[in-house]
Amino acid sequence: MATIEEPAEPQRAAVVYNPIKVDVTKLRAEVNRAASTAGFEKTLWFETTVDEAGQSLTRQAVEQGATVVIAAGGDGTVRAVAEGLRKTGAALGLLPSGTGNLLARNLNMGVPHTERALGIIFTGKDRVIDLGLAAITRADGEVQEHVFLVMAGLGLDAKMIANTNSKLKKAVGWLAYVDGVGRSLPELRPVKFRFSIDGAPWKSTSAHTVMVGNCGVLPGGVLLIPDARLDDGVLDIMALRPEGPFGWLKVWNKIAWENGVLRKSAAGRKIIDLSRDVRSVTYRTGKDLQLVVAEPEEFQLDGDEFGEVTAVHSWVEPGALRVKVPA
């Protein structure tokens, strides 16, 4: 007796796009063609605004039957769409259109051109990854909760992002952050804070930068947090505390030479193991970090500034997001 196969679940894509970052007329034609070829139903379209970065639009898309939501914009749009997709079961499709394209780089996808990116979205497979969560407290006591895919941080990196010239960023891409560092140096000072990892007793210390990573690669191939993985169920915590006149040189040596060169070979890793650890760069891991600063500090999520905070509670949510990757 012949078996009757159940009909496949209908597949529908939605596009959440930043009109400043993409040519929507051209994009519509390309997406609709790829969706039709893959047998998807009619694509849904949602445009972000100044007041709506994409979280609510993404939830609307899922409610209307989207099985994959395509983020067409910069890292901010990708982060917002991921926040809207959290725990929904629908997948995130990446259509890199911004400066950093951080998640695509950390998934070893590089920055694919539109045709290849759409091929991955409509014919690729799902990869389950973790999400980082950050509950940030403002000076007035207000608490806001956000997700991050790559990194959250306060100190120099957050000041750099806040001080980066938007016009220069549009013109030269991620290299504009070098200018942002230069603008931040005059106000550079250690951040004093208290912290607790995974419920351990609170400790007091200071650092110029504290970052919490879900993954570790930055634009330009800089491997900032070498052991960070998107699906290991933990967060990697990094602190920069340069000491003495050559402190920043030691930091750069650790990140650029050890992380970027030596770790790529077995012999290089042995050299790292034999060398004296650099106190200027320290790494910890944990599933839950609570941090309270002595004074309000600039804060960033996935390269976007989020204003000043007085406290941060960050934790990992394992396997909370599906992302389309090459089959």
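Please treat every number below as a calculation from the coordinates, not as lab data. The model shown is predicted, which means the values in this text are computed figures rather than measured ones. Note: ideal-geometry Cβ built from the backbone for every residue, glycine included; neighbour counts use all protein chains shown.
Quick notes on this structure:
- Amide H contacts of Arg12 (H built 1.01 Å from N, under 5 Å, at least 5 apart or other chain): Glu41, Thr67, Val68
- Oblate is the label for the range 15-94, because the ratio a/c of its alpha-carbon gyration tensor axes (a ≥ b ≥ c) is 1.5 or higher and a/b is not greater than b/c.
- Put a dot 7 Å past the Cα of Asn32, heading toward its Cβ, do the same for Ala327, and the two dots end up 2.5 nm apart.
- Relative packing of 63-72, 231-240, which averages over residues the other C-beta atoms within 10 Å, highest first: 63-72, 231-240
- Applying the Karplus relation 6.51 cos²θ - 1.76 cosθ + 1.60 with θ = phi - 60° to the range 200-215 yields 3J(HN,Hα) values of 5, x, 5, 10, 10, 7, 8, 7, 7, 8, 10, 10, 10, x, 8, 8 Hz, where x marks Gly and Pro.
- Note, ³J(HN,Hα) from phi for the range 39-52, Karplus 6.51, -1.76, 1.60, rounded to Hz, x at Gly and Pro: x, 7, 6, 4, 6, 9, 10, 9, 9, 6, 9, 4, 8, 9
- Summing +1 for each Lys or Arg and -1 for each Asp or Glu among the other residues whose beta-carbon sits under 12 angstrom from that of Ile120 gives +2.
- A Förster radius of 51 Å, combined with the Cβ-Cβ distance separating Ala294 from Asp51, puts the computed FRET efficiency at roughly 0.95.
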